[in-house]
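Each reported figure results from applying straightforward, stated rules to the coordinates on display, with no laboratory input. No experiment lies behind these values; they were computed from the predicted model shown. Backbone-built Cβ (ideal geometry, glycine too); neighbour counts: all protein chains shown.
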Amino acid sequence: MSNSSTADDLRIAKHLLLSSPPGQFDLILSDVSEILQSPLTSKWKEDCLIEYNQRTGCRALCGVASTDTDNDGEYGEEIKRYLRDYYSSHGVKSHYIIDTNENKKTTNILLHAERVQLQHYHAGSWSARYTIEKDADSATSPSIVISGKITLHAHTFENGNVQIRSTADLAPMTLPSASPLAVLQQIQSWEEEGVMKRLEKVYEDMSSEILKKLRRTMPITRTRFDWNESGHRGIRELGSQVQTRI
């Protein structure tokens, strides 16, 4: 195998791995390893996993038991409560990471949750990243600016194979108070009003509108495709994941 083809194979393999649905990185890595003629080095696989965890937010779940919560700062307790209240459905794994810069003016919050139930043919993840910027003179100006980005990835593969990816960019907003309660109230408002309700509407329309346009009702086999049974079932499963943030 030439060097150029090897490089192309690795590029494609990396793309497939970084596109892995929640909880399926190792499965896809195993398949890719069998397909490629050249063995994958341990370093290459480790680098791909690190990049995957960074991109997806899954790094929040890596080494959960060893996460140092002493550095959570002022937002830690409210975030823990928020995760207990909204990210604790059956089968869900969730955790968070809080990073504050040295001058304590910028705080980055990562909330990540996954529900992986491959035995039931579905998996989903919800990753939310928020940035909080305090005023340079926080003593006289208690206001903050908060912005964020939420990424969802849902996969169902019973009697078909459907993946949904959605990203919501949350424009900067000024809050008059930097209190943890005010911050979490804004996060909750964004997640429920700005993301979940919009996605619920998308899922409602998907079976009857979007997916039908992607496939003929009467294919070449002349066997009518039953959207009510196959399409709706998959979309209902994806929609149920949205109801619990994954």
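Coupling constants for the range 184-200 follow from the phi torsions by the Karplus curve (6.51 cos²θ - 1.76 cosθ + 1.60, θ = phi - 60°), and in residue order they are 5, 5, 5, 4, 4, 4, 4, 5, 7, 7, x, 10, 5, 5, 5, 5, 4 Hz; glycine and proline get x. A P(r) calculated from all alpha carbon pairs of the range 3-56, with 5 Å bins opening at zero, reads 4, 21, 35, 25, 11, 3, 0 percent. As a proxy for reagent exposure, W126, W190 were ordered by neighbouring Cβ count within 10 angstrom, fewest first; the result is W190, W126. By the beta-carbon count within 10 Å of each Cβ, the least crowded to most crowded order of Y52, Y82, Y96, fewest first, is Y52, Y82, Y96. Ordering of 109-115, 128-134, 177-183, 159-165 by packing is 109-115, 128-134, 177-183, 159-165, highest average first (other Cβ atoms within 10 Å, averaged per residue). Computing FRET efficiency as 1/(1 + (r/R0)^6) for L36 and K80, where r is the C-beta to C-beta distance and R0 is 30 Å, gives about 0.10. In terms of distances greater than 27 angstrom between alpha carbons, the cross-link table entries K14/K134; K80/K105; K104/K197; K14/K197 yield K14/K134; K104/K197; K14/K197.
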